[in-house]
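Read through the structure below, which is laid out as structure tokens, and then see the notes.
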Amino acid sequence: METLSPALHTDSVMYITKRPDLVFVKGEGSWLIDHQGKKYLDFLQGWAVNCLGHSNPGMIAALNEQAHKVINPSPAFYNEPMIRLADLLTANSCFDKVFFANSGAEANEGAIKLARKWGKLHKSGAFEIITFKHGFHGRTLATMSASGKEGWDTMFAPQVAGFPKADLNDLDSVKALKTDRTVAVMLEPIQGEGGVIPADHQFMKDLRQWTRENQILLIVDEVQAGCGRSGKLFAHQLYGIEPDIMTLGKGIGGGVPLAALLARNDVACFEAGDQGGTYNGNPLMTAVGISVIEQLLAPGFLAEVEAKGQYLRGLLLDLSQELGLEGERGEGLLRALKLGRDIGPEIVERARQLEPVGLLLNSPRPNLLRFMPALNISREELALMVKMLKQVIQSI
């Protein structure tokens, strides 16, 4: 591929990761088009952000309509889309209160603060939150400290204290970390960055019972797995449990910066001045969020996500058997293919370079691929992805 033209040089963009020499200029549904007109089948979708694909008409209409009304009246005041989206979320969940933020990390930071405030009021100042190895909660100092990602404990040391790490699906490891300082347990129902590792159903039920018995809050981080990604509106619904606090991000905005912190009435204990943010509850973003959630709640939509998840599962299992790989795992349309060897990054690179049409994939760990397509992707596009992937793997 040609390098970028001088008009598109990237010298002024701060380096944070290695990026290929291409610039995306247009997207529609499951497809992206770069500055040279090449098309790519997008199975990243902004890291599970674009739950309705690129250029969703309902989102665009909501954005345009709200932009002609009011964009930013200040978070010191209520605005109509903020109220409507909060009502929509509480009406379709077990939660009573919503605080809007701009990113999943912000929502998780808010959840940590809320749990600590609740511990100060109700548990003699308890502040420790048990989290899990391989978990991912964001890139602020506190959420990095809460994460169990290897190497993050020294990257920006010292860490924020108060986040002992348990093993996912091992309740005894959680119990061993409990002290009189423990205020909450925080986990992803499906560890996304950790390699698409779902929590066991019995573990989640037992964890919920144990936290209740010990007056410990249960916080579910659904930034990646929530908003329809699992085939349910919220991933914890797969397990038949009701958490105390939930965080949403990524999919709730469908591509715009929007996140949410939800809590039950008896946990929502913030006082004036405890929490805020310049753009939190912004009407432009929450108007888009309304469109996203309404589309997810449309009759049959989530059932189709679940069905297409099973269809993709079958395709990946067939591919795995044919090529001698190690199977797949996941829920809904958040799935991983276990490669059996560390060829993930090479597959990602070769898939993007396919001609005449490229394929965008992700390898959170070198021995697996993660798939995060639009929830309204077609079965034909799912089958095309597997066909293209097969071609790439066979070339290695």
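Laid out as a table, the results:
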read-out: Per-pair calculated FRET efficiency, R0 = 30 Å: E326 and E380 via Cβ, rounded to 0.05; value: 0.65
read-out: P(r), alpha carbons of the chain - 10 Å bins starting at zero, rounded %; value: 5, 22, 31, 27, 12, 2, 0
read-out: Compactness index (Cα Rg / 2.2 N^0.38 Å), segment 1-142; value: 1.43
read-out: Under Karplus coefficients 6.51, -1.76 and 1.60, residue-wise ³J(HN,Hα) of segment 205-219 in Hz, glycine/proline x; value: 5, 5, 5, 4, 5, 5, 5, 5, 4, 10, 6, 10, 6, 10, 10
read-out: Segment 1-92 - charge dipole about Cα centre, Lys and Arg +1 at Cβ, Asp and Glu -1, debye rounded to 20; value: 60
read-out: Cα-Cα over 32 Å, subset of K26/K133; K38/K133; K113/K232; K175/K390; K113/K205; value: K26/K133; K38/K133; K175/K390
read-out: Phi to ³J(HN,Hα) by Karplus 6.51 cos²θ - 1.76 cosθ + 1.60 over segment 106-112, Hz, x for Gly, Pro; value: 5, 4, 5, 4, x, 5, 4
read-out: Stokes-Einstein D for segment 303-343, Kirkwood Rh over Cα pairs, 37 °C, 0.692 mPa s (µm²/s); value: 316
read-out: Order by protection proxy (mean Cβ within 10 Å, highest first), peptides 377-389, 236-248; value: 236-248, 377-389
read-out: Most to least packed among 295-303, 279-287 [average Cβ atoms within 10 Å]; value: 279-287, 295-303
read-out: Size of electric dipole in segment 108-201: Cβ of Lys, Arg +1 and of Asp, Glu -1, about Cα centre, debye, nearest 20; value: 520
read-out: Phi to ³J(HN,Hα) by Karplus 6.51 cos²θ - 1.76 cosθ + 1.60 over segment 185-201, Hz, x for Gly, Pro; value: 10, 10, 8, 8, x, 10, 6, x, 5, x, x, 6, 10, x, 5, 5, 4
read-out: Degrees between helix 379-395 axis and first principal axis of the chain (Cα, 0 to 90, nearest 10); value: 70
read-out: Interchain or long-range residues, amide H under 5 Å from G231's placed H; value: L333
read-out: Kirkwood estimate for segment 114-253, i.e. one over the average of 1/r between Cα atoms, Å; value: 15.1
read-out: Built amide H within the under 5 Å cut-off of W31, gap 5+; value: D42, H54
read-out: Relative contact order (%) - criterion: Cα under 8 Å, at least six apart; region: segment 239-286; value: 34
read-out: Cα-based helix-to-principal-axis angle, 57-67 vs the chain, degrees rounded to 10; value: 60
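Where a number appears in this text, it was derived from the coordinates with a stated rule and is not lab data. Quick caveat, the model's predicted, so the values are computed rather than measured. Neighbour counts are summed over all protein chains in view; Cβ atoms, including those assigned to glycine, are modelled from backbone coordinates with ideal geometry.
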